[in-house]
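Worksheet: the structure to be examined is printed underneath.
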Amino acid sequence: IMADEFTSGTIKLLLIKPYSRVKILLSKYFTGIIVMMFIISYLILLQLLIGGFIFGFSSLDIPVIVYDFNKESIVSYNVFIYMLIRIIMKLPLIVMIYTISFSIGTIFSSVSISVVIPLFIYMFSDGIEHLVLHYNIWWLKYFINVNWNFKEYLFGRKAFIMGLNFKFSLVVWISYFIVIMLVTIINFKNKNIRNI
């Protein structure tokens, strides 16, 4: 969303408005988040409609059965509640990939780099987890792509990597988010736009 502004040169039109650069940057960031939420909502609705037509809408009444490690028992959830829980636990991953992409697009002013690097980071998440598990490279557990999938902690499950838990992953995620946003804001505030 920001890299395209630089590529087309429309960033200059935004910066002549009487708003601070931080306000412009954050409004672009939150616009992307809002669009992402609309897309997720659209996909959920589409999934429910297609699933309803194929399997019948009465299938939505079938409960989802899971083992809750916190309660040490089997519990059932309404399909909508279960889907909502899984989406909420997947949101940190989606938001972080978007944040990385947004930051790279703002810093490097390149659409292609802002797409390729986050995809590369996402694709090698399992590889990094494998290195931590099998080769005991413990410091890799501080990488964001080891900590962004909160779905692993659903219903009291434990992470495969020693020392990882919900609180640890949340602290790492928040730390990365703050650092990435600060670097992006500082870079955008000091960026020379005249030559773009």
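The values are calculated or read from the model by the stated rules, or taken from the named source; none is laboratory data. Note that the coordinates shown come from a computational prediction; the quantities given were computed from them, not determined experimentally. In this analysis, Cβ positions are derived from the backbone assuming ideal geometry, glycine residues included, and neighbour counts consider all displayed protein chains. The area values use the complete protein model at the heavy-atom level, side chains included, leaving out ligands, DNA and RNA. Shrake-Rupley method; radii C 1.70, N 1.55, O 1.52, S 1.80 Å.
How far is helix 125-135 tilted off the main Cα axis of the chain, in degrees rounded to 10, range 0 to 90? Helix 125-135 sits roughly 60 degrees off the main axis of the chain. Think of a 1.4 Å ball rolled over the protein heavy atoms: the range 91-137 then has 53 Å² of accessible area per residue. Taking Cβ atoms as reference points and 15 Å as the exclusive limit, the residues near residue 128 contribute a net charge of -2, counting Lys and Arg as +1 and Asp and Glu as -1. Give me the percent of accessible area attributable to carbon and sulfur for the chain, probe 1.4 angstrom. Taking all protein chains in place, the chain shows 70 percent carbon and sulfur surface.
Only DSSP H runs of four or more residues enter the estimate; each adds -39500 (n - 2.57), and after division by the residues of the chain the mean residue ellipticity at 222 nm equals -22000 deg cm²/dmol.
Which one of 190, 103, 121 is farthest out on the positive end of the charge dipole of the chain, using unit charges on Cβ (Lys, Arg +1; Asp, Glu -1) and the Cα centre as origin? Result: 190, furthest along the dipole toward the positive end.
Rounded to the nearest 10 degrees, the angle from helix 166-190 to the longest Cα principal axis of the chain is 10 degrees. Short to long, the 5 Å bins of the Cα pair-distance histogram for the range 143-195 hold 4, 18, 22, 15, 10, 9, 8, 6, 4, 3, 1 percent of all pairs. Scaled to the globular estimate 2.2 N^0.38 Å, the Cα spread of the range 67-196, given as radius of gyration, is 1.26. The aspartates and glutamates whose alpha-carbon is closer than 20 Å to the alpha-carbon of residue 71, local same-chain residues fewer than 8 away aside, are 152.
Overall shape: prolate for the range 1-85, with the ratio a/c of the largest to smallest alpha carbon gyration tensor axis at 1.5 or above and a/b above b/c.
Overall size of the range 1-151 from C-alpha positions, given as principal axis extents largest first: 58, 46, 26 Å. Take every pair of alpha-carbon atoms less than 8 Å apart whose residues are at least six positions apart; their mean separation over the length of the chain yields a relative contact order of 26 percent.
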